[in-house]
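Novice: The structure is given below, and queries will be raised subsequently.
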Number of protein chains: 4
Amino acid sequence: MARRVRAFIEEVVTPHEDAHDGDIEAAGGESLRRELQGQARERGLLTPHGPRALGGLGLGMAQRAAVFEEAGRSLFGPLALNINAPDEGNVHLLEHVATDEQQRQFLAPLVRGETRSAFAMTEPSPGAGSDPAQLLTEATRDGDAWVIEGHKHFITGADGAAFHIVMARTGGAPGRAGGATMFLVPADTPGVRLVRHLGTQDRSMLGGHCEIRYESVRVGHDAVLGEVDEGFRYAQVRLGPARMTHVMRWTGAAQRAHEVAVRYAAGRRSFGSSIADQGLAQQLIADNEIDLAATRALLGEACRQLDAGERASHITSVTKTFAAEALHRVVDRAVQLCGGLGVTSDLPVARIAREIRPFRIYDGPSEVHRWSIARRAVRAHGQTSP
Amino acid sequence: MARRVRAFIEEVVTPHEDAHDGDIEAAGGESLRRELQGQARERGLLTPHGPRALGGLGLGMAQRAAVFEEAGRSLFGPLALNINAPDEGNVHLLEHVATDEQQRQFLAPLVRGETRSAFAMTEPSPGAGSDPAQLLTEATRDGDAWVIEGHKHFITGADGAAFHIVMARTGGAPGRAGGATMFLVPADTPGVRLVRHLGTQDRSMLGGHCEIRYESVRVGHDAVLGEVDEGFRYAQVRLGPARMTHVMRWTGAAQRAHEVAVRYAAGRRSFGSSIADQGLAQQLIADNEIDLAATRALLGEACRQLDAGERASHITSVTKTFAAEALHRVVDRAVQLCGGLGVTSDLPVARIAREIRPFRIYDGPSEVHRWSIARRAVRAHGQTSP
Amino acid sequence: MARRVRAFIEEVVTPHEDAHDGDIEAAGGESLRRELQGQARERGLLTPHGPRALGGLGLGMAQRAAVFEEAGRSLFGPLALNINAPDEGNVHLLEHVATDEQQRQFLAPLVRGETRSAFAMTEPSPGAGSDPAQLLTEATRDGDAWVIEGHKHFITGADGAAFHIVMARTGGAPGRAGGATMFLVPADTPGVRLVRHLGTQDRSMLGGHCEIRYESVRVGHDAVLGEVDEGFRYAQVRLGPARMTHVMRWTGAAQRAHEVAVRYAAGRRSFGSSIADQGLAQQLIADNEIDLAATRALLGEACRQLDAGERASHITSVTKTFAAEALHRVVDRAVQLCGGLGVTSDLPVARIAREIRPFRIYDGPSEVHRWSIARRAVRAHGQTSP
Amino acid sequence: MARRVRAFIEEVVTPHEDAHDGDIEAAGGESLRRELQGQARERGLLTPHGPRALGGLGLGMAQRAAVFEEAGRSLFGPLALNINAPDEGNVHLLEHVATDEQQRQFLAPLVRGETRSAFAMTEPSPGAGSDPAQLLTEATRDGDAWVIEGHKHFITGADGAAFHIVMARTGGAPGRAGGATMFLVPADTPGVRLVRHLGTQDRSMLGGHCEIRYESVRVGHDAVLGEVDEGFRYAQVRLGPARMTHVMRWTGAAQRAHEVAVRYAAGRRSFGSSIADQGLAQQLIADNEIDLAATRALLGEACRQLDAGERASHITSVTKTFAAEALHRVVDRAVQLCGGLGVTSDLPVARIAREIRPFRIYDGPSEVHRWSIARRAVRAHGQTSP
């Protein structure tokens, strides 16, 4: 299947990306999505991670790795296969937590590529950024309904999404964990206000990264996803796999940048020999190979743990942190290998660099991951005898 | 004077940059240049490195360091002070090599900010990239005139420049050093053709980075800058100082990014304390301080050698290489310190990152500098007794 | 089994290491080896990778990983389990290439821990260092015998070894590949001369790293290991697994250093809190966790390929290079976490640092591995379309 | 003068170091010190930083840089010139704080090379390590005398020192700053007990790094150095210059390692060319040149500030941190360039690596320096407008 994905991406998807320097809106936006997903559907490649019962292909984590990586070779590839963030993670979450009725209403059209969705968790300061305990968005019970009041930003894909999964405080005090609930909120519910698109440097995410206000948004009790006050636990369910599918997609992008750079360097001569045969270029090339191999090896280990039903917090955190930095280095070295053309739109490396940079921040900055990795290590080894 | 430049930049220049995310064309292009340079002239800050006889302020290299760094705090600052590449380096070159008549015709209006200029050296593959010996552009004598035939790219500022300094082969064979001559070519000379703007990721350079063809361009012998066949030697005259003024300007940009990030981190709380008081942020902040201090220290040493009349090839190459990488790290850490907002246009750090990245490639990629640094070291120490 | 090895190492082996700062000669040398291997034999832990037919435990590569890592937690652990270099790799080589008679004479006592062995390949300049093609040691046919003439150094464990596996040129010219043969040479053969122990910084290898001369050493044709002129091919058979078992052992040593450091940092207070809770220490701790996890993940992938019968040159080269550098970083950070005591013999970290440093050079310096990794990448991607 | 020092070191000092792998005790210890310092005295090179009035040469900080670097080219060089830690810093301290009588008794023989001294500040946990406020050693007034009670470790040079400068608490509570006093304590005062030498990996410091107990040590009031309760302030007087002279000495050692490595690489062939002409070696060589140049540039800036009478806390902390790490990298790369011989005593690089490693911990670990550098940056920029 990975081979079929590779062919589809190369033949159908990449040309659109190349023609518009990876800017999804410039390339057609929603209408391009429908066109590409249509072709993926015809080739039997759409929503490979979705539940089979709803039309997906039901791939497990380890199986996804190769397929998602191939999709990631084009910045528009994940969208084409309907495995883009946040839809991909939302499918996973709804599959595990939503009621049958919720699945019918929200999940099924998502799997079929008819709708898009958003996951509304991150808040502007002083709300929930890296520290979810600071959650300020609140949902209060009003008879049979809930009223949501809050402010979110960096809500990926929100512009055009059919519904939002909104994390809101339903108990406890801000600054303390506990007491969060997830709500399924159709985007056209009164009070859902798209404030603006954040001017992020990446431009390949359909629907952008949005700032949203929820102003007295009223939803019924059937909008509660799973149990009340269990939102943080469900976020964990979504988190591990979502981190890993990010890594899969970006591995594909970095691999492409690496290949472009090696080919470029092999074809260009300077100081009497091919650049790719010169030692300082060889260092860049070898370091790329090493970083890519280590990323895939960690990813494989994390997928095995996830497929075995483990929560895998440590390995997914370690893998996300390593991969975000390693893949960024790979793309940066690819830019360097391409010389002046590496910072232009003549080659895809500059745009891949632009798109991948935020991965060291999105989904938890490396610093926050390191902080929790260290704390786990101190718990594990702080008392052992050497 | 540095203090006056700081005030000018903050009050007058930065607002234009901030309003247009550092895109010089969007901000007004040539007309903004005239406006900003007009104000710099009124404040007595224009062309601080230009010869006094022509209206400049005559600062030496060490004196320039502080002034240029302040200008660099805005991406439009160097343009506002008329110390932008390539004009800044061209002023230096013309001051040292041009005849009186050439100075009157080309240098004087440049110093006064009436014109802009280009320096046409770099060629697309297989021509002169990092390796000047591969120079393919050719000038042939035809009676009293020269006819230039060639193809250049990455010619900064060429769109709108009044004249080009064109490096062309006048002797020897491609792949061998020697036999290059510089020509002063008015941009409106028949045969000078602007092919396109390269789609570089940086957007703050007025006139862009252009691809140019010289198609049977005919100039008189008085267009020769200095002596025939001495072009590579003059390029060296220009090179050392030009490398260092790049470092000065980028130090200012990186310092600004650092300050923005520290202020942001100091004001944002997470996990119960200010981000700036958390160890992993402290590491980023401290490393920035160290990289900035080391860059300035190397720059100071290089300027002392240049002011003492030395060629300073080794120290300027070392300083350029270190600074391009260190300042890139500084800005990258600043992005990281600002979290999600660090990759948006809400703060200036993302745009500074976009603009500074090519510095590791422009003016000689780090790899080529390292290659020549190593060869010099082997010559110096390969035979010494330990 | 890994758990039993852990207990054996902690209870029996580590105390000897700690009492003599990891110096195997000071700790008893050959007599300590016999004592420790005796206890390993009693516990059923001796020679876990050796063929079952000869008394080994027959573990495959993936199975070895956990066991060897546990052994590596003490610098004397690999010796205690009879899985030290070069014996461990020689067992592997002889199992695959030696005749029955050679196995009876050389391999069987090795598996039983009765003898030790050496692998004599590396030569002093201008002979075979990183580049095997420079092999200068020569074996010439003389009737039914071979006469070996040559000079080797860094021959690990040679002092006290019962026999040497000697690589010698039997065809072709120095500087060209091809034409090498391996010979089984009993150490007491006339003409085998131990010149000296090299004064290496590591001190835990029994038998040291020796300089050896082979002066008209005469052996019968039955001393030929495998086929004449196939020596380089057999070296490859030995190489992949031997690289990976190095990684396994050193992972154990680095893991121990990490745990010692975390425990130390958790117990020491400075500036009002535990060092381990301070951010700059957390960075060191987290980076150690990441490097250890990535090393194990790469190792796992390499073992899977080797167990599947692949030659696995690329992945073992990548893994060796990454691991040697990553584990060195881990130990270096552990030293740093322990502050002043980290550079004393009060804690094991300084001695682990001393022992692990050469791993970036032994078995191919990182630079040579990178060179071949890059060349493979250019072959793979130099012509592909992006 | 630097040239004369270079000659002295090469001709007289280095042979002793080379003959004993940098182990000062093995090389002769105190008697070697007297012999080498005698020859330095004859050549007019002894105690170049000491006050002229007492027989020193009175060099300022900037002048010391070149001289101390030359001395540092041999691990025994600083001892030979009487500029070793801690004597070198103690001379500086006594010159600025001691009374005439104290100078006559303690400083004068130190400058003449007749005695050695110790600086007793660092305490084992939970006392004063990186955090001086945790000072536990106490001095209590008893009539006209003081009684010192305490426990110190890492007291460099204490074995054989004529006197100790002991930092003891005379006011305030442990865990709080303030209330420390320095005492001049002859080593033969009853109650001064050398517990042991710490088993540090470095072996070139005469007198070792000792653990000392002060058991009811009784000294007169004239033993107070400067004013009571001003000890921490005087420690600052000593600190800045002492940090910088460490950098000077280690720059010399690293420069020697670099030169040895370049020469080795230039002379050794592999894969058909000189190692030094291969790109991956060129990277190591170039990075060494860059690190050495940046270290010297920072050092120059710090010396200028110190010579101008500034306290220079920030720049000396930045320089110490950068230099300790950069010079360690230089030596580590030098080891790598020398291949197998780089980890033996055949070349000096392994021993320089052994000696320089602790510099990242001694005199404040890099982590503690970074912590204070970051805090200063937050104070400076946390409130500025960007």
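The values are calculated or read from the model by the stated rules, or taken from the named source; none is laboratory data. Everything quoted here is computed from the prediction, not taken from an experiment. Neighbour counts are summed over all protein chains in view; Cβ atoms, including those assigned to glycine, are modelled from backbone coordinates with ideal geometry.
Novice: Which of the residues spanning segment D:200-228 are within 14 Å of chain C (Cβ to nearest Cβ) and over 17 Å from D:LYS152 (Cβ atoms)?
Specialist: If the condition is that a residue be within 14 Å of chain C (Cβ to nearest Cβ) and over 17 Å from D:LYS152 (Cβ atoms), then D:GLN201, D:ASP202, D:ARG203, D:SER204 are the ones that fit.
Novice: Modelled with pLDDT of 95 or more, within 14 Å of chain C (Cβ to nearest Cβ), out of contact with any strand residue (DSSP E or B) (no Cβ under 9 Å at 6 or more places or on another chain) and surrounded by fewer than 24 Cβ atoms within 10 Å (Cβ to Cβ), is that true of D:HIS314?
Specialist: So D:HIS314 fails the test.
Novice: With (1) touching a Phe, Trp or Tyr at 6+ places or on another chain (Cβ under 9 Å); (2) within 28 Å of B:ARG351 (Cα to Cα) as the list, and B:ALA66 as the residue in question, which single condition is left unmet?
Specialist: B:ALA66 satisfies every listed condition except (1).
Novice: Could you list, in sequence order, the residues of segment B:114-137 that are buried (at least 17 other Cβ atoms within 10 Å of the Cβ) and more than 11 Å from chain A (Cβ to nearest Cβ)?
Specialist: Hits for segment B:114-137 are B:THR115, B:ARG116, B:SER117, B:ALA118, B:PHE119, B:ALA120, B:MET121, B:LEU135, B:LEU136, B:THR137.
Novice: Scan segment C:159-173 residue by residue and report those that are free of Cβ contacts under 8 Å to residues at least 60 places away in the same chain, touching a Pro at 6+ places or on another chain (Cβ under 9 Å) and of a type in the set (A, V, I, L, M).
Specialist: C:ALA161, C:ALA162
Novice: For segment A:304-325, name all the residues that are under 21 Å from A:GLY252 (Cβ atoms), touching a residue at least 60 places away in the same chain (Cβ under 8 Å) and not basic (Lys, Arg).
Specialist: A:LEU306, A:ASP307, A:THR316, A:THR319, A:ALA323, A:ALA324
Novice: Still on this structure, I have one more. Here is a list: B:ARG233, B:ARG176, B:ARG193. Which entry is closer than 30 Å to B:PHE76 by Cα and without any contact (Cβ under 8 Å) to a residue 60 or more places away in the chain?
Specialist: B:ARG193
Novice: If you don't mind, there's one more thing I want to ask. Could you tell me how many of the residues in segment A:135-158 are aliphatic (A, V, I, L, M) and within 13 Å of A:GLU211 (Cα to Cα)?
Specialist: 2
Novice: Grab the strands (runs of 3 or more DSSP E) fully contained in segment D:155-250, keeping just those with 2 or more residues being buried (at least 18 other Cβ atoms within 10 Å of the Cβ), within 22 Å of the chain's Cα centre (by Cα) and outside the structural domain of D:GLY28 (by TED's automatic domain parsing).
Specialist: The strands (runs of 3 or more DSSP E) meeting that bar are D:163-169, D:180-186, D:209-220.
Novice: Need pairs with beta-carbon distance below 6 Å; first residue more than 15 Å from C:GLN282 (Cβ to Cβ) and within segment D:363-375, second buried (at least 20 other Cβ atoms within 10 Å of the Cβ) and acidic (Asp, Glu); sequence gap 6+ or separate chains.
Specialist: D:ILE373/B:GLU289
Novice: Specify the residue that is nearest to the chain's Cα centre (by Cα); the eligible residues are those in segment C:132-149 that are in contact (Cβ under 8 Å) with a residue 24 or more places away in the chain and part of a loop (DSSP other than H, G, I, E, B).
Specialist: Out of the qualifying residues, it is C:LEU135.
Novice: A further question follows. What are the residues in segment B:22-58 that are among the polar types (S, T, N, Q) and in contact (Cβ under 8 Å) with a residue 24 or more places away in the chain, if any?
Specialist: Listed by number, the residues that qualify are B:GLN37, B:GLN39, B:THR47.
Novice: Filter segment D:354-365 down to the residues that are assigned to a helix (DSSP H, G or I) and surrounded by 22 or more Cβ atoms within 10 Å (Cβ to Cβ), then identify the one that is nearest to the other protein chains (Cβ to nearest Cβ).
Specialist: Selected residue: D:PRO358.
Novice: Tell me, which helices (runs of 4 or more DSSP H) lie completely within segment B:59-120 with 3 or more residues that are in contact (Cβ under 8 Å) with a residue 60 or more places away in the chain?
Specialist: It comes to B:61-72, B:77-80, B:87-97.
Novice: Follow-up question, since we're still on this one. Can you go through A:ASP307, A:ASP346, A:ASP332 and tell me which one is crowded, with 20+ Cβ neighbours inside 10 Å, out of contact with any strand residue (DSSP E or B) (no Cβ under 7 Å at 6 or more places or on another chain), among the charged types (D, E, K, R) and outside the structural domain of A:HIS92 (by TED's automatic domain parsing)?
Specialist: On inspection, the qualifying residue turns out to be A:ASP332.
Novice: Continuing with this model, one more query. For A:ALA286, state whether it is modelled with pLDDT under 95, over 25 Å from the mean Cα position of the chain (by Cα) and part of a helix (DSSP H, G or I).
Specialist: No, not satisfied.
Novice: Output the residues belonging to segment B:16-55 that are part of a loop (DSSP other than H, G, I, E, B) and surrounded by 22 or more Cβ atoms within 10 Å (Cβ to Cβ).
Specialist: Result: B:GLY22, B:ILE24, B:ALA27, B:LEU45, B:LEU46, B:THR47, B:PRO48, B:HIS49, B:GLY50.
Novice: What single numbered condition from (1) at pLDDT below 95; (2) in contact with a helix residue (DSSP H, G or I) (Cβ under 6 Å, 6 or more places away or on another chain) fails to hold for C:GLU259?
Specialist: All conditions are met except number (1).
Novice: Which residues, counting only those in segment C:366-386, are more than 16 Å from D:ARG333 (Cα to Cα) and facing chain D (nearest Cβ under 7 Å)?
Specialist: C:TRP371
Novice: Counting only residues that are more than 7 Å from chain C (Cβ to nearest Cβ), out of contact with any Cys (no Cβ under 6 Å at 6 or more places or on another chain) and touching a residue at least 40 places away in the same chain (Cβ under 8 Å), how many does segment D:330-353 have?
Specialist: So the count comes out to 12.
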